[in-house]
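Colleague: One structure, as structure tokens, below. Some questions next.
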Amino acid sequence: MTWTMCRTWTMYRVCLLLAGLTGVATAQPMPIMMTVGCVESDGRGGVTLTRATDPEAIADRLPVQLPADAPLGMRTIRMVGTLDEFGVAKHEGHTVWAKGLLNPGEPVDLLNLVSITHLAPACE
């Protein structure tokens with residue numbers, strides 16, 4: 001290797017170092033969140049969870065099934081994603097256990113739905 005090649009290679013590594021590209025960046029996994037709430041249409045083609053509990057990260061791969069009388073909360077969370085595939089419309093007015101990726105937002109958080117489980121036929 002010649003002096004010029006060595007110098008060029010060193011400058012290239014310095015540029016990468018300054019640009020922060022030397023290490024392999026690892027993506028931080030987003031936790032799957034779960035919440036319990038009442039399914040309601042928002043009147044504009046969207047679906048929300050009303051009286052939802054504060055979303056919690058799922059620690060176990062398969063968390064224990066919640067009871068039908070799981071307590072409700074005070075939050076409103078808009079559900080997004082492939083809602084038709086999950087049959088969300090048939091749960092309107094029901095209490096459900098929803099799981100997904102949470103995207104905090106204003107005025108409401110968004111939950112990109114990955115699972116929905118019917119808990120009770122009414123929201124009480």
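We did not get these values from a lab; they are worked out from the coordinates using the rules stated. Keep in mind the model is a prediction, meaning the values are calculated, not measured. We place every Cβ from the backbone using ideal geometry, glycine too, and count neighbours over all the protein chains shown.
Colleague: Mind sorting VAL96, VAL88 by how few other Cβ atoms lie within 10 Å of their own Cβ, fewest first?
Modeller: VAL88, VAL96
Colleague: Counting other beta carbons within 10 Å of each residue's own, what order do GLU106, GLU85 fall into, fewest first?
Modeller: GLU106, GLU85
Colleague: Another one. Work through the residues other than LEU111 whose Cβ is under 11 Å from its Cβ and net out their charges, Lys, Arg +1 and Asp, Glu -1.
Modeller: Once positives and negatives cancel, what remains is +2.
Colleague: Here is a follow-up. Can you work out the FRET efficiency for the pair ASP60 and GLN28, with r the C-beta to C-beta distance and R0 = 22 Å, to the nearest 0.05?
Modeller: After rounding, the FRET efficiency stands at 0.65.
Colleague: For the stretch 30-124, just say rounded, prolate or oblate: build the C-alpha gyration tensor, square-root its eigenvalues into a ≥ b ≥ c, call rounded for a/c under 1.5, and beyond that prolate if a/b exceeds b/c, oblate if not.
Modeller: Judged from the Cα gyration tensor, the stretch 30-124 comes out rounded (a/c under 1.5).
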